[in-house]
1. Using the Karplus equation 6.51 cos²θ - 1.76 cosθ + 1.60 (θ = phi - 60°), what ³J(HN,Hα) coupling, rounded to whole Hz, does each residue of the range 213-225 give in order, writing x for Gly and Pro?
2. Within the accessible area of the chain, what % is carbon and sulfur when the probe is 1.4 Å and the other protein chains stay in place?
3. Kirkwood Rh over alpha-carbon pairs of the chain, then Stokes-Einstein at 25 °C and 0.890 mPa s: what D in µm² s⁻¹, rounded to an integer?
4. Which whole-percent values make up P(r) of the range 47-128 when all C-alpha to C-alpha distances are grouped in 10 Å steps starting at zero?
5. Return the calculated 222 nm mean residue ellipticity for the chain, to the nearest 500 deg cm²/dmol, obtained by summing -39500 (n - 2.57) across DSSP H runs with n ≥ 4 and dividing by the residue count.
6. Hey, if you put +1 on the Cβ of every Lys and Arg and -1 on every Asp and Glu Cβ in the chain, which of Asn101, Ser70, Met132 ends up farthest toward the positive end of that dipole?
7. Which residue fluctuates the most in the chain, going by a Gaussian network model with Cα springs under 10 Å, if the choices are Leu109, Leu165, Leu286?
8. Using Cα-Cα distances under 8 Å and only pairs 6 or more residues apart, what relative contact order does the chain have, in percent?
Amino acid sequence: MKKKYLLLPLLIALSMQLFGATISVARRMPSQLDLSFANSIEFLPIRIYAPKRGDTFEQDQKAIGNKFISALSDYQKDDGKFIIINGKSDISIQVSFTDFNVKDNGVTLTQDVEGETVVIKDEWTRQVSAIMEVMIIKSADNSVISKNEYKLFDTTSSYSPKAELKEPQYIVENQLRGFVYQIATLIFDIPYNQPMTIMDSKSKDKQVKEKMKSAKKLLSGKNLDYEAAKAIYKEIYESTDDIAAGYNYSRMLQISKDFDAAEELLNKFTAANPKDKTFKKALEDLEKDREETKILDSRKK
């Protein structure tokens with residue numbers, strides 16, 4: 001069926017009141033590094049800064065390093081590209097500390113009361129500072145693929161008895177979590193949920209209303225079925241030129257990775273209503289999705 005060209009005034013009127021819902025679409029952000037040559041990862045033993053300063057000093061660094069490795073390994077579970085092994089692997093990850101210091105500040109006061117020592121004041125804070133280096137190494141030739149340095153620094157937020165001071169790994173864990181994510185984006189394809197706007201039709205036609213309602217139900221919860229929703233929006237748009245159905249149809253085309261067809265529709269809506277940012281934003285999101293998909297497809301083995 002040959003589609004009618006929608007009039008600009010109609011689009012402007014509709015675009016101000018069509019927003020119906022926001023759905024969440026699962027996607028994957030490709031790793032910043034192309035590691036398609038690799039199937040396995042090995043975490044090398046943590047390198048300690050100034051180990052001669054005592055067992056506790058060394059253990060604190062290992063605890064932070066192991067916490068980092070454990071959190072990074074969790075991203076591997078979502079990615080599924082690599083097998084983590086101990087021994088010969090395609091990629092090695094080396095965590096090293098080039099600086100580390102724990103400083104406790106406070107006072108403990110005691111008093112002799114009838115022959116017994118009583119603590120009358122015991123208030124301490126703990127400050128942790130460290131520089132942690134993370135290298136990603138190609139095992140075949142020991143070449144460094146990536147090298148990043150992270151500075152950790154934090155202090156306990158309140159006073160506590162010295163014996164109850166937090167261990168260093170818990171003092172810097174919030175910062176550590178952020179660094180883990182930065183490294184994870186280099187190595188792993190990160191899953192994320194992309195919000196996507198779905199429009200409601202303002203049609204007075206009861207059949208159109210019912211069909212739009214049934215399509216929306218397919219876009220969340222246990223009934224999730226993008227293909228079925230796409231078919232409904234397509235049928236409504238091609239038979240009525242309903243702008244909401246057409247827009248939703250373009251988003252379903254994008255989800256099914258038919259980027260060219262989705263782009264053609266969105267370009268039509270944008271040209272007819274250049275001041276409406278809805279279609280421009282949808283085009284920007286489509287281009288991002290297309291680029292991510294292109295990278296992911298190029299790395300498939």
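1. Karplus values, whole Hz, x for Gly and Pro: 5, 5, 5, 4, 5, 7, 10, 7, x, 5, 8, 3, 7.
2. Values: 8570 of 17040 Å².
Of the solvent-accessible surface of the chain, carbon and sulfur hold 50 percent.
3. Details: Rh = 23.9 Å.
For these conditions, the coefficient is 103 µm²/s.
4. 13, 28, 23, 18, 10, 6, 2
5. -14000 deg cm²/dmol
6. About the Cα centre, the residue reaching furthest to the positive side is Ser70.
7. With Cα springs under 10 Å in the chain, the top fluctuation among Leu109, Leu165, Leu286 is at Leu109.
8. On the way: 468 pairs, mean separation 66.5, N = 301.
Result for the chain is 22 percent.
The values are calculated or read from the model by the stated rules, or taken from the named source; none is laboratory data. Computed from a predicted model, the values in this text were never measured in an experiment. Neighbour counts run over all protein chains shown; Cβ positions are idealised from the backbone, glycine included. Just so you know, the surface numbers come from the protein's heavy atoms only, side chains and all, with ligands and any DNA or RNA stripped out. Shrake-Rupley method; radii C 1.70, N 1.55, O 1.52, S 1.80 Å.
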